[in-house]
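No value in this document is a laboratory result; all are computed from the given coordinates. Note that this is a predicted model, so its numbers are computed, not measured. All Cβ positions, glycine included, derive from the backbone under ideal geometry; neighbour counts span all protein chains shown.
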Amino acid sequence: MNFPSLLFSIFCRLQFLNKVSSFFFLVFATLSHSNANSQVVSEEFKRITDSLIQARPTTYEGLDSVLNPKRTDTIYMRYFNKEAAIKQYPIGQSYALNQLGRKYRDISNYPKAVELHEKALEAALEANNLEFRVYSLNMLGVVYRRSDAIKIALDYHQEALELAETVNNPSNDLKKSINVSLNSIGNLYLILKQYDIAIAQFKRAMASAKELGNKLGLAINYQNIGECLEYKGELEEALHYYRTSLDYNNEIDSDKGRVICKNSIAQIYIKQNKLTQALEILDPTLLAAESLGDMSIIAAININMGWALMELKQYSKSEKYLVAGLEMSQKHHLPSYIAHGYNYLSKLYTYKGDYKNALEYYQMAEKFNEEINSEVNRRYINDLIIKYETEKKTNQIEALARENEFMNLRLRKKTNTLIIGALGMALLTFILYILYRQKELKNEKQILTLEQSMLRSQMNPHFLFNSLNSIKLYIINNEKKNAVHYLNKFSKLVRKILEASSLKEISLADELETIDLYMNIENIRFSHEINFTVRVDDPIDEHTVKIPSLILQPFLENALWHGLSSKDGEKKIHLHVTRENEKFIQISITDNGVGRDASERIKESKILKRKSIGIDITKERLANFSKDFENSFQVEIIDLYDSNKVALGTKVVLHIPTH
């Protein structure tokens, strides 16, 4: 660009900013002097107001169908609110106050928006109108979500959703409010990085929006799912959802929706290193956003502009945009964008070699990230997830109980019919059959209980939590290869455990593969200090020898946590598979831990005692499996000592029949 063109561009931007400033001045003057300007309200609107208040519609649609053209005009809404208050029409007040609150929310004046929505809620309660209560609760939730007050926002949306779902045949407006609740709850899960749960909420809202033909709802939910996919790193899929959202926004001619979608598309381009394409979208989008006056969107676009310019090594221009976005975020209390602004400024100063400022900005970014994802919020969201899963399982149990009751009823009827129609011999046969069946059911129940207990011991919450924490540590330390490597192993282990838990027997090869995955993951917790070796003697064929599923892990876990966790120095576990004779194979697990006696003393000295139930469950399972074999399973636990009776570790020997 030549110098005259550059001057002209700057002049145009200054002229535009001057117009925007004038616009905000007029808005401020209008909001501050609404009473003095009441005469601006047209006579036609006054007649409409009188007619509506006289008719007193009780639904949102009844009011919005008439007031929609004026609902974004603060002068008209203040006038309608004043007249509704004078003539004691609280439903009208609730409508007008909520529209005023939305106006303040869209210019990022969140305290004023909260005040107006709370008054709208009070009016809805006074009118005892459920539809407007739900609407007001959702509006409060949206404001708190915009300002990253996650817990409060989630409380409001949950209350709105629970209240709306008490209605058996909800109106279309109430269905739209349910969509808003689901969408906002999804956004809150998104903020807390619970992306799969967020997507599930958005898809529920999307299905309802399709049913209602609500294109705005579809646009919003496609945009939100795109954000989740972007955070998950699925950029191409996210781009598809953003473009679909943009199509819907173009169809309904939503300027705000277009701006949000274009900013998101540009953000994907930055991540794909298509920096020039991103700037070509962001530059006009920033002008469009400034005309809307929504500071959160303007701040976001400024930060993305700064980010893209930084990657193009245009550091001076980048800093201007980043500082502008940061200042807007600070002024309007937008913690997420504040964190982004500080983060990119830290990166910018790193590129410039100013490590002192880079560190300061990084620390500020971390501070705001910690505030957004505070321990209170994490605990709260975890409690909700647990509550959701518990309710789901409770419903499943109740359904099974009802089915069981129904089956029992059918069985009793059949039994009565047989008793009435059967002769003595038939009756005796039936009783013998019942006794036999009960014995079978008892055995099946015992097996099922053992399998469930076994699965719980394999999927130990402490093990899962520790494994995920270890993987998280790699991610935090930016050790991507290690993180991906161990995440793959962890997912494969979980899959193999779940697959094996449904099988009575598996091959020795599958069992060895499962424990190798388990030991690899547990070795992270021991800083890779465990030397785990496996030896299979010839001529044993690992793929043809069958053993009960998932029987080795409890013994390995016991060796790790009771034998080796308290030991200093070299730590070894050796697994040896050998052919004992034609009818048995022998599996031995030897560790060089502290021994059972020392382990028991250490355990007694601990305040929190780790109770090992996996071995007892495994012994019960082995005893149960023995019923189908010519010979029985045997388990030996041998304490190893040297010549001076000093403990050298423990050896567990399993004798497994093969016929």
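Would you work out the Kirkwood radius for segment 43-192? I mean one over the mean of 1/r across all pairs of different Cα atoms, in Å.
For segment 43-192, the Kirkwood estimate is 15.4 Å.
Output the Cα-based Rg and Dmax of segment 118-231 in Å, rounding Rg to one decimal and Dmax to a whole number.
In Å, with Rg to one decimal and Dmax whole: 13.7, 44.
What does the net charge come to around VAL577 if you take all other residues with beta carbon closer than 12 Å to its beta carbon, with K and R at +1 and D and E at -1?
Numbers: positive: ARG535, ARG579; negative: GLU511, ASP537, ASP538, ASP541, GLU542, GLU580.
Neighbour charge sum, excluding VAL577 itself: -4.
For an R0 of 60 angstrom, estimate the FRET efficiency from the Cβ-Cβ distance between THR276 and ASP516 and round to the nearest 0.05.
Efficiency for this residue pair is about 0.75.
Nearest 0.05, what FRET efficiency do LEU418 and SER502 give at R0 = 41 Å with Cβ-Cβ as r?
So, using R0 = 41 Å, E works out to roughly 0.75.
Which distance in Å, rounded to a whole number, links the C-alpha centroids of segment 500-514 and segment 303-353?
Cα centroid to Cα centroid, the span is 53 Å.
Can you give me the orientation-averaged projected area of the convex hull built on the Cα atoms of segment 50-101, in nm²?
Mean projected area for segment 50-101: 3.0 nm², to one decimal.
Quote the charge dipole size of segment 77-152 about the Cα centre in Debye, to the nearest 20; the model charges only the Cβ of Lys and Arg (+1) and of Asp and Glu (-1).
200
Please report LEU427, LEU116, LEU517 as a ranked list, fewest other C-beta atoms within 10 angstrom at the top and most at the bottom. All intermediate terms of the calculation are to be shown ahead of the outcome.
Numbers: LEU427 13, LEU116 26, LEU517 21.
Ordered from fewest to most neighbouring Cβ atoms within 10 Å, LEU427, LEU116, LEU517 come out as LEU427, LEU517, LEU116.
Extent of segment 531-589 along each principal axis, from alpha carbon coordinates, in Å, largest to smallest?
40, 21, 18
Grab the beta carbon distance between HIS543 and VAL484, set R0 = 25 Å, and tell me the FRET efficiency rounded to 0.05.
Working: r = 29 Å, r/R0 = 1.16.
For HIS543 and VAL484, the calculated efficiency is 0.30.
What is the sum of charges, Lys and Arg at +1 and Asp and Glu at -1, for the other residues whose Cβ falls under 9 Å from the Cβ of GLY141?
Once positives and negatives cancel, what remains is -1.
Taking the convex hull of the alpha carbon atoms in segment 239-374, what volume per residue do you get, in Å³?
On the way: hull volume 14.7 nm³, N = 136.
Normalising the Cα hull of segment 239-374 by residue number yields 108 Å³.
What's the center-to-center distance, using Cα atoms, between segment 105-147 and segment 566-608 in Å?
Value for the Cα centre distance between the two parts: 63 Å.
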